Amino acid sequence: MCPKKLGMDSCGRSQRRVLPESASRAQQTLPPRLSRVNGWSKPLHGYQAVSWAMFVTLALAMFGIFIPMLPGMWKNIVYGVSGGMLLFHVIVYLVCVSIDPGEDNVRRKKIYSEPVPTFDRSKHLHVIEDLYCCLCRVTVSEKAKHCRACNKCIAGFDHHCKWLNNCIGSRNYWWFFSSLTSALAWLLCVVSILLYIVIQHHVDPRVLRTDPHYQNITSQDTWLLFLPYFHLKAKTPVFVTIAVLVLVLDLISLLMIGQLFIFHLYLSTLHPNPPPQPRSRLASSFPSCSYVT
Ligand SMILES: [Zn+2]
Ligand SMILES: [Zn+2]
């Protein structure tokens, strides 16, 4: 199956496809005047905020509400395992976002504070001609590609990821894949814990009330949230609603990250070194060239 037919979203390599010139022009916005350095460079993307909000919400719910409900030693084990997984994910995510994926010559010679010239079709047929980028004004390697969103040449271009707001290339691909894998593993951990709690709530709710703070709670309809520091009381319907909402949020995240993981696993397994597209195709598509939007 051709990977281009998989129809991936903003983080998929399938978006390397070149849109028809007329359609692409209408859909594209102007590239930033200054080249972006990494995922922290402006303009920031709304998807970044969405992903942070989702992970912070899930982390708060898990570490504040649901893990403290686990019985006995399981609570400490899950704290350790789940916390370690999340910490690893945060580290590789931050590294991936912070890396400048630009070509060697771009990083060495390009002055990021200087505006990038506008592509002039009357002077150049292609953005990159004979391994020289007329916008970055440096020589580049064979697998480089000028990303419209970053407005610079990326080493071993893979795709531009809106969720990370950074290009993924040869310099940060390992960090990207590790970030994807660790996020998936943590989300699977979260869904397992939630399912256990939901099932146990129906089978034997007393198992979820072993924390010493429950000794003073006589009503079986009252639950304590954010133990052990806060003892926020909630009735069963509120507790069940929170559990269902968190489960839905986790499943949505799992679905999005899972399909990306499978797609990249497929590409790296069956197409470890995708052949470079003909230079003429890339260039003729400028300014839409591969610019993953
Ligand atoms: Zn370039
Ligand atoms: Zn980019």
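Spin-label model, Ile91 to Val238: label points 7 Å out along the Cα-to-beta-carbon direction sit 3.8 nm apart. In this structure, Ser170 and Thr118 have a Cβ-Cβ separation that, at R0 = 35 Å, corresponds to a calculated FRET efficiency of about 0.80. With the simple model of a label 7 Å out from the Cα in the direction of the Cβ, Glu129 to Lys143 spans 2.7 nm. At R0 = 30 Å, how high is the FRET efficiency between Ile217 and Ser192 if r is their beta carbon distance? Nearest 0.05 is fine. After rounding to 0.05, the efficiency reads 0.65. Once backbone amide H atoms are built at 1.01 Å from N, Leu225 has Leu232, Lys233, Ala234 as its partners under 5 Å, excluding neighbours fewer than 5 places away on the same chain. Computed log10 I(q)/I(0) for the stretch 9-284 at 0.07, 0.10, 0.12, 0.15 Å⁻¹: -0.36, -0.63, -0.80, -1.06, from the Debye equation with unit scatterers placed on every C-alpha and solvent omitted. Taking label points 7 Å from Cα along the Cα-to-Cβ direction, Leu60 and Leu265 give a separation of 3.2 nm. Seen from Pro31, the other residues with C-beta closer than 12 Å to its C-beta sum to a net charge of +4, counting Lys and Arg as +1 and Asp and Glu as -1.
Every number here is computed from the coordinates shown, using simple stated rules; none is lab data. Computed from a predicted structure; not experimentally measured. Methodologically, a virtual Cβ is constructed for each residue, glycine included, from the backbone with ideal geometry; neighbour enumeration extends over all protein chains shown.
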